[in-house]
Amino acid sequence: MQSGGHSYPVCSVQDGSYRRWVPRPTFPRSIVEFQRQFPDEEACRQYLFASRWPDRFSCRRCDGSEIGLMHRRLLWQCKGCGLQTSVTAGTVMHKTRTPLVLWFWAAYLVATHTPGISAVQLQRQLGISRYETAWLILHKLRGAMVNPEREPLRGEVEVDETYVGGRHSMRRGGRQRDGKTLVGVAVEVRGTRSGRLRMNVLGGLDQDTLAAWVSELVKPAAIVRTDGWSGYGGLAQAGFDHRPRLQHLRQPDRQFALPRVDRSISNLKNWLQGTHHGVSPEHMQVYLDEFVFRHNRRRTPLAAFQTLLGLGSSHQPTTYEQIVTRRHRHLAELTG
Ligand SMILES: [Zn+2]
């Protein structure tokens with residue numbers, strides 16, 4: 001069964017086994033292409049197969065290379081030894097009752113829709129009858145936006161912090177008012193461009209908190225550029241090549257000191273105001289994760305799509321609960 005001009009393992013209709021393997025397909029460039037590539041459940045199952053075994057199937061128990069599909073139970077079964085593997089194991093779709101096609105569409109929309117997408121929009125666009133289903137899909141996809149094994153920032157990094165979430169943006173020194181959240185921002189310098197981005201809710205602006213936060217994100221000995229705030233005074237001792245902006249520089253010169261981190265903060269504020277109104281402090285990190293995910297995957301929609309679905313990696317995707325727990329522990333360490 002061949003469903004479109006893309007390259008997949010070809011499924012023989014008679015016994016449902018996947019016999020031939022070809023490289024992973026390229027990412028659909030349009031909605032029309034997407035529809036052609038993922039018209040039904042079978043196309044999605046084949047894609048899952050190609051993602052798990054990009055070269056050839058190899059049974060982890062008997063090393064057999066022939067596999068069959070048990071359609072009704074969403075299981076693959078090794079023809080040599082009978083070992084069964086769930087089609088969705090290790091993905092966000094595991095044990096789902098929602099059709100795979102809907103998950104694929106949701107991940108595609110989330111990955112390609114630049115400002116992000118709400119549960120209501122998702123429900124409407126995909127014709128999902130229950131709002132709760134759309135919300136749950138989105139919730140799970142968002143849970144995949146934090147990569148627990150991500151590499152630390154390296155080379156040269158701009159670091160700054162800001163208050164976000166209220167009606168007016170406030171610089172440090174202003175008193176914190178209702179709904180404001182303190183957010184730390186770190187951006188890699190890549191020539192004239194921005195590299196990878198990190199954003200975290202911070203518990204304070206003191207030396208211990210800031211040094212612990214930067215140490216968590218940035219590889220030791222990297223160049224770290226900040227403004228002249230005394231709270232960054234512990235970075236050199238923490239092992240970084242700390243280069244603070246000199247205090248005597250006049251205010252207008254600031255934009256030349258930390259242009260990338262300034263731009264990221266400005267984009268974040270526009271995004272929070274334009275797309276999400278009134279994000280409360282307890283949910284802020286989830287939005288920051290989404291913003292950072294979009295920034296870091298902005299040139300690789302295929303990677304974004306696969307990451308959202310929990311595909312294309314050998315490790316099990318982290319559950320949302322694990323992420324929340326880890327984050328709370330992390331914040332407790334930062335602020336405690
Ligand atoms: Zn086997």
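Stretch residue 75-residue 206 to full length: gain in nm at 0.36 nm per residue minus the Cα-Cα span? Each step should come with its number before you reach the end.
Numbers: separation 131, 0.36 × 131 = 47.16 nm, distance 5.30 nm.
Length gained between residue 75 and residue 206: 41.9 nm.
Take residue 58 and residue 121, extend 7 Å from each Cα along the Cα→Cβ direction, and tell me the distance between the two endpoints in nm.
The two pseudo-label positions are separated by 4.3 nm.
Once you have the Cα-Cα distance between residue 299 and residue 275, take 0.36 nm times their residue separation minus that, and quote the gain in nm to one decimal. Provide the component values of the computation, followed by the final result.
On the way: separation 24, 0.36 × 24 = 8.64 nm, distance 2.10 nm.
Difference between extended and current length: 6.5 nm.
Over 32 Å between C-alpha atoms is what I'm after, so list which of 95/269; 95/219; 140/269 land there. If you can, show how the numbers build up before the last one.
Numbers: 95/269 37 Å; 95/219 38 Å; 140/269 25 Å.
Exceeds cut-off: 95/269; 95/219.
Rank these residues by their accessible area, most exposed first, probe 1.4 Å: 218, 286. Please report the intermediate quantities before stating the final value.
Details: 218 5, 286 35 Å².
Sorted by accessible area, descending: 286, 218.
The values are calculated or read from the model by the stated rules, or taken from the named source; none is laboratory data. Note that the structure is predicted; figures quoted are calculated from it, not measured. Cβ coordinates were reconstructed from backbone atoms using ideal geometry, including for glycine residues, and neighbour counts include every protein chain displayed. Ligands, DNA and RNA are excluded from the accessible area calculation, which covers all protein heavy atoms including side chains. Shrake-Rupley method; radii C 1.70, N 1.55, O 1.52, S 1.80 Å.
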